[in-house]
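In what follows, a structure is listed as structure tokens, so that the remarks can point back to it.
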Amino acid sequence: MDLALVLKALVLILGFYMAWNIGANDVANAMGTSVGSKALSLKKAVFLAAILEFSGAFFVGSSVSETIQKGIIDPAIFQADPMIFVLGMMGSLLATGILLQFASYFGLPISTTHAIVGAVLGFGAMIGGLHAIHWSEIGWIISSWILSPVLSGIVAYLIFLLIQKKILFALNPVEATRRLAPFFVFMCFNIICLSLCYHGLAQADLDFPLSYAFSISCAISLVAALLSYTLIRNRPAASSPMESSFHPAQAVSLEKALHHMQRVHLSNRSDSHSTRISRILDEVRALSDDVKKEAPFQDSTTQYHSVEKTFVFLQILSACLVAFAHGANDVANAIGPVAAVLGILKTNAIASHSTIPAWLLAVGGAGIVIGLATWGWRVIETIGSKITELTPTRGFAAEFGAAATILFASKLGLPISTTHALVGAVFGVGMARGLRALNLQTLKEIVVSWIVTIPLCAILSIAMFYLLKWILL
């Protein structure tokens, strides 16, 4: 049997296996927060992810794929014996797939980007020597792994603070939601449309200059925002607020002020101020009791429920944004090595530049979707409920922060960790609610799994390389 044909079939199987594991482990980043906040059922999440993951992989996935192919190690080092490079890439795919499958089984959201980069790095350093590594590129990738959770966490933190200040703490949260929701719709659509219009439709032979791409994306996003404004305005309003001079937020603030005044009274050591403090304390206590009686707490609860119900739709939109971004960035982890191997098998030489075929992007996207549908629920549970309690408003903030960071990195060709970005964003939302809102034990387990991923994949890829070499050569 022709060895080249066997290798082509085997590398496609390994690439699909890797993509399946990405879907099983990493797509939880896209849909975990939506499922965790009850904005989407698992079946609906899989359906939406299928469309958006595939679209992101097919239209925007080629830039990062080229980095995985030749940005980590120098293929020219293996020019004398291209078959070594072929087996190394295949071993990297197999090693990463095996590790991801174990992680998915235990519900650990490890970074597939860490895994494939560690695998290629381990093979390149062991077989090609340390001089085969593009250390400047590795430094750039590692710095992006650090920056991505920080940046997405900051964006998510700021978005949730904006939601808190302008909506949740507003005197009329429902009306505030109606005013601000179209703005969030505009932002989400603008990011997706700009990603597609600017170097994102190469597969369809469409490419626009940045100025045109920005104008087109703004126009589409404006239409979407106006449509959302109309739909939200026409939705039945929550029960009208009771006529009252006070708002529930004022009752809460007065209760806090009362506790602080009591601490001042207890720690006071001056008789001259004691009477005055006692009088003020009595006045604050009396005012607090009056506000509690008059503030419409039940109506406020109804309004907040209406706000969260509106944000269900916004969170579905932001989940689609993350799914698109994830497909654009992480499909490279599966098809980058496959494209490199297919290119070598076709020419029997290592080319300095190779084009990612559209059908290969499609295969990667399909593998990701099938992985999510069959095994993705395990990691979805960890992302969606075990780091911090999520509601649609919190989930939207987390997803938007992560998606904006991921798509920006994809345009730069950086294989950043989607897992880092989403966990960082969920952490940012949790921080906006206070440190006590975070499950630090779960975060600790996730961070430890990140740290051990690279060395484990590096060692495993070397072992797989020698195994494949022993079997095939």
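Every number here is computed from the coordinates shown, using simple stated rules; none is lab data. This structure is a prediction, so every number in the text was calculated from the model and none was measured. Using ideal geometry, Cβ is built from the backbone for each residue, glycine included, and neighbour counts are taken over all protein chains shown.
Just a few scattered comments:
- 13 Å reach of a label modelled at Val447, 7 Å along Cα-to-Cβ, counting backbone N of segment 128-155: 150
- Summarising the label geometry, the points placed 7 Å from Cα in the beta-carbon direction at Asp81 and Ala257 lie 8.0 nm from one another.
- Summary of packing: across the peptides 315-327, 336-348, the per-residue average of other C-beta atoms within 10 Å ranks them, highest first, as 315-327, 336-348.
- At R0 = 35 Å, FRET efficiency that the Cβ-Cβ distance of Val264 and Asp290 yields, to 0.05: 0.95
- Packing-based ranking, highest mean first, of 161-173, 111-123 given that Cβ atoms within 10 Å are counted: 111-123, 161-173
- All Cα pairs of segment 65-186, percent lying beyond 25 Å: 49
- Pairwise FRET efficiency - Ala9 versus Gln101, Cβ, R0 = 25 Å, nearest 0.05: 0.75
- Remark: spin-label model distance Glu137-Glu175 equals 5.7 nm, labels positioned 7 Å along the Cα→Cβ axis.
- Contour minus Cα-Cα distance for Phe183 and Leu210 (0.36 nm per residue): 7.5 nm
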